[in-house]
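*Asks:* My structure is below; once you've seen it, I'll send some questions.
Coordinate-derived values only; no laboratory data. Values in this document were obtained by computation on a predicted structure and should not be read as measured data. So basically every Cβ, Gly included, is an ideal-geometry build from the backbone, and we count neighbours across all protein chains shown.
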Amino acid sequence: MTEMATKSHDHGHEPAIFAFDAESEAKIGEILKKYPEGRQASAVLPLLDLAQRQMRRVSGSAWVPRVAMDAIAARLKMPPIRVYEVATFYFMFNTKPVGKWHLQVCTTTPCWLRGSDAVVEACKRITGIRHFGETSEDGLFTMTEVECLGACVNAPILQVNDDFYEDMDAATTGKLLDALKHDSPPPPGSMAGRQASAPEGGATTLTTLDFAPQPAPRGGE
Ligand code: FES
């Protein structure tokens, strides 16, 4: 399998063929071992994920073309329609090409209350994207609206590819996108400097606990 085998004829078009490369094949072997004989169809999710990651590696765009779904169906001995159903059901699989940096903005209520509108506006202003689902003209960014990412405690959240950037506002979104344009993503996490989801400014509770071992109680006392 050569690199060309997964390259699109043109960015944005369905490639003619897809085959797993050596890096993916090594992982497929390990994945399939997890399922009993005759139950290999259960590996459809990890194989779709592998296909999407291979596409990113090879073409720069993380998506799953239909020919990749067909390859997965053949490998797992399942009807192609069942792979299409799974790929189109789960939002984390992109069934059309996305930009190098996939901006997934959470706009569900906790993020919205904490300012996701400002994050969306900053993304639009900086990338030139006008609507969710669009890719910027330079091909660098795709902006997608997503539902709760399960990180509301540090809302609002902007997921970029696999990473969560948290406590976002217009200014930090601007800085982040600028860094992405220069191909140097900052470490993910809170952009307000919080440690995990601790309060801003540091811990306010459990600050004076003495964790020294205590003597065990004596029996009968
Ligand atoms: S509402 Fe945005 S992470 Fe939960």
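Matching residues to (1) surrounded by 15 or more Cβ atoms within 10 Å (Cβ to Cβ); (2) within 24 Å of Glu147 (Cβ to Cβ):
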position	(1), (2)
Gln54	yes, no
Trp63	yes, yes
Ala68	yes, no
Thr88	no, yes
Gly99	yes, yes
Thr107	yes, yes
Pro110	yes, yes
Val119	yes, yes
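*Asks:* Specify which of the listed residues (Ala171, Ala179, Ala151, Ala155) is over 19 Å from the mean Cα position of the chain (by Cα) and on the phi < 0 side of the Ramachandran plot. Steps first, please.
*Replies:* Numbers: Ala179 fails: over 19 Å from the mean Cα position of the chain (by Cα); Ala151 fails: over 19 Å from the mean Cα position of the chain (by Cα); Ala155 fails: over 19 Å from the mean Cα position of the chain (by Cα).
The conditions single out Ala171.
*Asks:* Then there's this: For the structure I just gave you, tell me whether Val64 is within 16 Å of the ligand (Cβ to nearest atom) and touching a Leu at 6+ places or on another chain (Cβ under 9 Å). Spell out how you get there, then give the answer.
*Replies:* Numbers: within 16 Å of the ligand (Cβ to nearest atom): no; touching a Leu at 6+ places or on another chain (Cβ under 9 Å): yes.
Against the criterion (within 16 Å of the ligand (Cβ to nearest atom) and touching a Leu at 6+ places or on another chain (Cβ under 9 Å)), Val64 does not qualify.
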